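Reading through the structure tokens given below for one structure.
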Amino acid sequence: MDMQEYQLSGFRILEYDELESTNSEAARLGWKELEDKMVILTYRQTQGKGQVGNHWESEPGKNISMTVVFKPEGLLAGEQFAVSMAVALGTHDFLSRYVENVFVKWPNDVYAGERKIAGILIEHAVLGREVAFSFCGIGLNVNQSRFLSDAPNPVSLVQLTGTEKNLTETLAELLSAIGRRYEQVYDYDKLEKDFISVLYRREGVYRWKDEQGIFRASVLGINEYGQLLLRDTEGKERVYGFKEVAYL
């Protein structure tokens, strides 16, 4: 497994020719080798992870598949969602330079209109009262023009803009945008305000589904734990953790 190491946009990059999963490789490296703003990168990921065990489709050499390691010193465990917001907002900021109607779909995936352009999977480790580190798996669709999996709504930058992008330059821009948001990780209120402002379906009434069935509700925002707050058409406020409610 060949690997080259270099610096880019203030991040330490470990680029591999091929990996099954960048999150799995980050975990394999072990606690002592992990550094703040370390990136495990490959352009050929064979077993990429999506949310709750789903597979993330990525054509070799066409997209960005990476895990960004953050070790936010002194960040309280109760504010770990700040990392999720920083990564999602940084990805949003980057994409908004090239396409319109970019939204963050709670908790942290990124959409262009009604189509998913970036998948984000974040795993935290907590030590005592603080976040020890976060593995932020990011899959960004860049130059892939055809998607073959049964994913319902993928889209890429090349499909939206008609122009292929240099992957190294794209990576540098993306990491720079994420790095700027990471500097705000201790300003939870600022991140939360910006996060809510770009939240997918933040305006209007939509159909949702939880374990009790289908209902209609509008988005109120998120609480201090990163849970989604909804108000249904009967005026009742509802609170949901990850995977406890589905968009319809």
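The values are calculated or read from the model by the stated rules, or taken from the named source; none is laboratory data. The structure presented is a predicted model; accordingly, all values stated were derived computationally and were not measured. Counting neighbours? That spans all protein chains shown, and the Cβs are built from the backbone with ideal geometry, glycine included. All accessible areas refer to the heavy atoms of the entire protein, side chains included, with ligands and DNA or RNA removed. Shrake-Rupley method; radii C 1.70, N 1.55, O 1.52, S 1.80 Å.
Values for this structure:
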| item | result |
| --- | --- |
| Complete set of residues in the stretch 175-187 that are assigned to a helix (DSSP H, G or I) and surrounded by fewer than 20 Cβ atoms within 10 Å (Cβ to Cβ) | 176, 179, 180 |
| Number of positions in the stretch 113-154 that are touching a Leu at 6+ places or on another chain (Cβ under 8 Å) and polar (S, T, N, Q) | 2 |
| Given (1) closer than 26 Å to residue 95 by Cβ; (2) exposed (fewer than 14 other Cβ atoms within 10 Å of the Cβ); (3) without any contact (Cβ under 8 Å) to a residue 40 or more places away in the chain, number of the condition residue 243 does not satisfy | (3) |
| The stretch 12-24 residues that are more than 15 Å from residue 63 (Cα to Cα), paired with ones that are among the aromatic types (Phe, Trp, Tyr) and surrounded by 14 or more Cβ atoms within 10 Å (Cβ to Cβ) (beta carbon under 9 Å, 6 or more apart) | 23/135 |
| Subset tally (residues that are at pLDDT 90 or above and either touching a His at 6+ places or on another chain (Cβ under 7 Å) or over 19 Å from residue 87 (Cα atoms) (or both)) for the stretch 45-63 | 2 |
| So residue 224, is it open to solvent by 20 Å² or more (accessible area, probe 1.4 Å) and more than 27 Å from residue 80 (Cβ to Cβ) | no |
| Residue match in the stretch 96-111 (condition: assigned to a strand (DSSP E or B) and free of Cβ contacts under 8 Å to residues at least 60 places away in the same chain) | yes |
| Residues satisfying the stated conditions in the stretch 8-36, i.e. open to solvent by 50 Å² or more (accessible area, probe 1.4 Å), closer than 23 Å to residue 181 by Cα and either modelled with pLDDT under 90 or not in a loop (DSSP other than H, G, I, E, B) (or both) | 12 |
| Among residues of the stretch 146-204, those that are touching a helix residue (DSSP H, G or I) at 6+ places or on another chain (Cβ under 8 Å), of a type outside the set (Val, Ile, Thr) and over 24 Å from residue 39 (Cα atoms), counted | 3 |
| Every residue from the stretch 85-108 that is closer than 22 Å to residue 247 by Cα and not hydrophobic (A, V, I, L, M, F, W, C) | 91, 92, 100, 101, 105, 107, 108 |
| Residue in the stretch 135-149 that is open to solvent by 10 Å² or more (accessible area, probe 1.4 Å), under 12 Å from the mean Cα position of the chain (by Cα), in contact (Cβ under 8 Å) with a residue 60 or more places away in the chain and over 30 Å from residue 3 (Cβ atoms) present | no |
| Looking only at the stretch 80-94, and only at residues there that are small (Gly, Ala, Ser) and out of contact with any Pro (no Cβ under 7 Å at 6 or more places or on another chain), the one that is surrounded by the fewest Cβ atoms within 10 Å (Cβ to Cβ) | 90 |
| Number of positions in the stretch 95-116 that are crowded, with 24+ Cβ neighbours inside 10 Å, touching a Ser or Thr at 6+ places or on another chain (Cβ under 7 Å) and either among the charged types (D, E, K, R) or modelled with pLDDT of 95 or more (or both) | 1 |
